[in-house]
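Throughout, read-outs are computed from the coordinates displayed, never taken from laboratory work. Everything quoted here is computed from the prediction, not taken from an experiment. Cβ atoms come from the backbone with ideal geometry, glycine included; neighbour counts cover every protein chain shown.
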Amino acid sequence: MRYLNQLEPDALVDAFMQQPPRDFNAWTLADSTPVFSAEFNLLTTLEPEVCRTITGWPWYKLWGEWLKPYTCFVGTTVTEYVLIPAQVNPKAWIANIKTVLASKYSFLIIKDLPQVSPLLSQQENQAAAAAIAAAQQAGFVMVEGQALAWVPIDFATVDDYMARLSSVTRKSLRRKLKARDNLNITSIATGDYYFHDNAVVADFYQLYVSVFEQSDIHFDMLTLDFFSAVLRSSDSGGVVMMYRHAGQLVGYNICFVTGNKLLDKYVGFRYPAAREHNLYFVSWFVNLQYALAHKLTHYVAGWTDPQVKKSLGAQFVFTSHAVHVRNPLIRNLLRPFKSLFERDSKVIERKPWVDAHE
């Protein structure tokens with residue numbers, strides 16, 4: 001790996017830099033730090049009800065554009081954590097970021113600095129802590145990031161894992177998982193000749209778009225070229241779990257095996273069939289079984305749907321975003337509202353999703 005905090009294969013990072021999301025610009029600083037810039041809606045991570053309240057205020061269509069500043073981000077949207085060049089001193093790294101970028105952008109965000117992550121080495125956690133301290137000293141405001149879900153593979157069978165869940169959750173899941181009987185489930189490595197068919201890649205991409213469009217958060221719209229690069233990469237450790245019903249692809253997960261971890265990165269669903277076959281829940285247990293079968297130690301399940309993943313037995317680790325606002329007036333106005341943007345910790349504290357919906 002070229003960076004500290006890098007869980008993902010180099011090929012995925014390279015695909016992001018070469019084929020960034022729609023309307024994004026991506027490049028590297030002189031020290032090889034990946035950065036990107038894009039219009040950023042400040043309401044993106046707010047609770048839906050808070051967002052609806054704000055957008056319902058008078059004349060929002062007129063002043064709402066002020067909440068979408070063109071922002072520079074240090075990091076990528078395909079890595080769980082910000083990538084710090086391995087040989088760079090964290091304090092010097094922060095100083096260089098501020099010197100090179102802070103005066104050029106009204107908002108500068110160093111995204112997803114780890115908070116003592118069990119997925120990283122002691123050296124990486126120490127470097128992240130030093131970077132957070134240096135960012136605070138440099139005038140950045142720390143905002144809690146999203147909750148990264150992960151599962152330690154410390155059980156012998158999936159049944160052992162299920163036994164740890166609440167009785168209500170187990171009952172619900174047993175009913176949902178019966179859908180497996182009507183599915184043809186296969187896995188295939190990225191780079192396989194199957195993905196050299198443009199129609200196949202286009203179908204995979206359309207299923208990703210379907211998921212993106214129904215999501216609460218719309219930020220990084222990946223491109224068809226990105227998907228083509230990822231699916232055709234033969235040296236990334238990628239594995240694609242595919243779910244078919246009556247011969248039709250109704251869903252998939254694109255995962256990566258790096259070291260002793262299974263990273264669940266991208267999902268595509270064909271609606272309504274995916275919901276009818278409970279693919280969200282079926283795929284969770286297929287991935288756990290894959291990790292078990294390959295003697296992996298961690299299943300890293302991503303950032304979205306923390307309340308559902310809590311129901312499914314996930315643990316969580318948080319990140320911090322270091323935010324620099326160029327205008328001191330706006331900076332002072334936003335400080336009291338910092339907690340509104342720290343959404344996931346509040347969501348996780350609620351009653352588990354499956355229990356709440358039974």
Item checked: region 72-115 and region 189-256: distance between their alpha carbon centers, rounded to Å -> 29 Å
Next item on the list: Kindly state, to the nearest 0.05, the FRET efficiency for SER32 paired with ARG175, given R0 = 51 Å and r defined as their beta-carbon distance.
Entry: 0.55
Note to self: What distance in nm lies between label points placed 7 Å from Cα along the C-beta direction at GLU213 and ASP225?
What the structure shows: 2.3 nm
Note to self: Charges on Cβ only, +1 for Lys and Arg, -1 for Asp and Glu, centred on the Cα centroid of region 151-311; of MET162, THR190, HIS298, which one is farthest towards the dipole's positive end?
What the structure shows: MET162
Check: Do any trypsin sites (Lys or Arg not before Pro) in region 159-244 lie in a DSSP loop with no more than 13 other beta carbon atoms within 10 Å, and if so, which?
Finding: ARG164
Item checked: Cα→Cβ-extended label distance, 7 Å offset, between LYS104 and ALA133, nm -> 3.0 nm
Next item on the list: Can you figure out the FRET efficiency of ARG275 with ARG2, using R₀ = 51 Å and their beta-carbon distance, to the nearest 0.05?
Entry: 0.80
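Below 9 angstrom from the Cβ of LEU108, what's the summed charge of the other residues (Lys, Arg +1; Asp, Glu -1)?
Numbers: positive: LYS98, LYS104, ARG326; negative: none.
Combined, the nearby Lys, Arg, Asp and Glu give +3.
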Item checked: Separation of the ASP23 and LYS91 label points, Cα + 7 Å toward Cβ, nm -> 4.1 nm
